[in-house]
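Colleague: Dropping a structure here in C-alpha cells format, bear with me for questions.
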Amino acid sequence: MRIDDDEGVSASSKHLVFAYYVTGHGFGHATRVVEVFLLTLSLSASFLSVYCVSSIVANLWQFRLSVTIAAGHDVHVVTGAPDFVFTSEIQSPRLKIRKVLLDCGAVQADALTVDRLASLEKYVETAVVPRAEILKTEVEWLHSIKADFVVSDFVLVACRAAADAGIRSVCVTNFR
C-alpha cells in the first residue's frame, strides 16, 4: 500500500505485492511466516487491503500478514534463513525468496545464553556501519518489485527502507 500525499493509501483490489523481511536468526521467525501463509490462503484481495489498513490502526500484534498467494498475490521473502523453511510448505511461483543478511540476531553460547556485548558488536558491523548502502539498495529493490506493503519479522531496517520508499510497513513478532 503506497503512501500518496494527494490520494491517501492506494492498493490494487486484485493483486498485491508484499515484501516480507524475516530475520535469519533461528527458525522461529521463519516458521511463523510459513504458518501465517498457510492459515490465510483463502482470503480475498479486497479483504486483505481493508484488513491491512485496519490492523495497522487497531492492533499491530494481530496483523498476521493475511497474504493470499493462492488468490494471486506475490510475496517476496527477504531473509538469511534457509530456503527450505519456506519452500517445504509453500510451493508457488508467487513466493519469491531473496537471500540477504540484513540483521544478525543474537550471539549465543547456547540456546539460553545471549552474549549482549558480542551481539551489539555484530549488529553494528552487520547493520549500522553499512546502513546507508543497505537503505539505498532496499529502497531501489522495493521500487523494482512494485511493493505495496512491507512486513518485518523482525528486521529493523526494513521499516526505514519502506518509509523512504513511501510504502506502508508493519512489524510482526511474538514478543510482548
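Colleague: Out of all the residues in region 134-153, which are modelled with pLDDT under 95 and hydrophobic (A, V, I, L, M, F, W, C)? I'd like the intermediate steps shown before the answer.
Modeller: First pass over region 134-153, keeping only residues modelled with pLDDT under 95: 148-153.
Result: 149, 150, 151.
Colleague: May I ask you to list pairs of residues, at least six apart or on different chains, whose Cβ atoms are under 7 Å apart, with the first in region 93-109 being in contact (Cβ under 8 Å) with a residue 60 or more places away in the chain and the second being in a strand (DSSP E or B) and surrounded by fewer than 16 Cβ atoms within 10 Å (Cβ to Cβ)?
Modeller: Taking only residues 6 or more apart or on different chains, the pairs are 106/114.
Colleague: May I pose another question? So how many residues does region 134-145 have that are touching a residue at least 24 places away in the same chain (Cβ under 8 Å) and either open to solvent by 80 Å² or more (accessible area, probe 1.4 Å) or among the hydroxyl-bearing types (Ser, Thr, Tyr) (or both)?
Modeller: Summing the residues that are touching a residue at least 24 places away in the same chain (Cβ under 8 Å) and either open to solvent by 80 Å² or more (accessible area, probe 1.4 Å) or among the hydroxyl-bearing types (Ser, Thr, Tyr) (or both) in region 134-145 gives 0.
Colleague: Counting only residues that are among the acidic types (Asp, Glu) and under 20 Å from residue 167 (Cα atoms), how many does region 93-141 have? Steps first, please.
Modeller: Of all residues in region 93-141, those among the acidic types (Asp, Glu) come to 103, 110, 115, 121, 125, 133, 138, 140.
Subset that is under 20 Å from residue 167 (Cα atoms): 133, 138, 140.
Selection size over region 93-141: 3.
Colleague: Is there a residue in region 148-166 that is over 11 Å from residue 19 (Cβ atoms), in contact with a Gly (Cβ under 9 Å, 6 or more places away or on another chain) and crowded, with 16+ Cβ neighbours inside 10 Å?
Modeller: Checked region 148-166: no residue is over 11 Å from residue 19 (Cβ atoms), in contact with a Gly (Cβ under 9 Å, 6 or more places away or on another chain) and crowded, with 16+ Cβ neighbours inside 10 Å.
Colleague: Within region 96-120, how many residues turn out to be at pLDDT below 85, hydrophobic (A, V, I, L, M, F, W, C) and open to solvent by less than 30 Å² (accessible area, probe 1.4 Å)?
Modeller: Residues meeting the conditions: 1.
Colleague: Residues in region 120-133: is at least one closer than 20 Å to residue 16 by Cα, in contact with a helix residue (DSSP H, G or I) (Cβ under 8 Å, 6 or more places away or on another chain), touching a residue at least 12 places away in the same chain (Cβ under 8 Å) and of a type outside the set (A, V, I, L, M)? Can you show your working first?
Modeller: First pass over region 120-133, keeping only residues closer than 20 Å to residue 16 by Cα: none.
No: zero hits.
Colleague: Which residues, taken from region 90-106, are closer than 17 Å to residue 73 by Cα, assigned to a loop (DSSP other than H, G, I, E, B) and not hydrophobic (A, V, I, L, M, F, W, C)? Walk me through it before giving the result.
Modeller: In the first step, residues of region 90-106 are kept if they are closer than 17 Å to residue 73 by Cα; the result is 90-98.
Subsequent filtering for residues that are assigned to a loop (DSSP other than H, G, I, E, B) retains 90-94.
Passing the criteria: 91, 92, 93, 94.
The values are calculated or read from the model by the stated rules, or taken from the named source; none is laboratory data. It should be emphasised that the depicted structure is a prediction, and the values quoted were computed from it without experimental measurement. All Cβ positions, even for glycine, are placed from backbone atoms using ideal geometry, and neighbour counts span all protein chains on display. The area values use the complete protein model at the heavy-atom level, side chains included, leaving out ligands, DNA and RNA. Shrake-Rupley method; radii C 1.70, N 1.55, O 1.52, S 1.80 Å.
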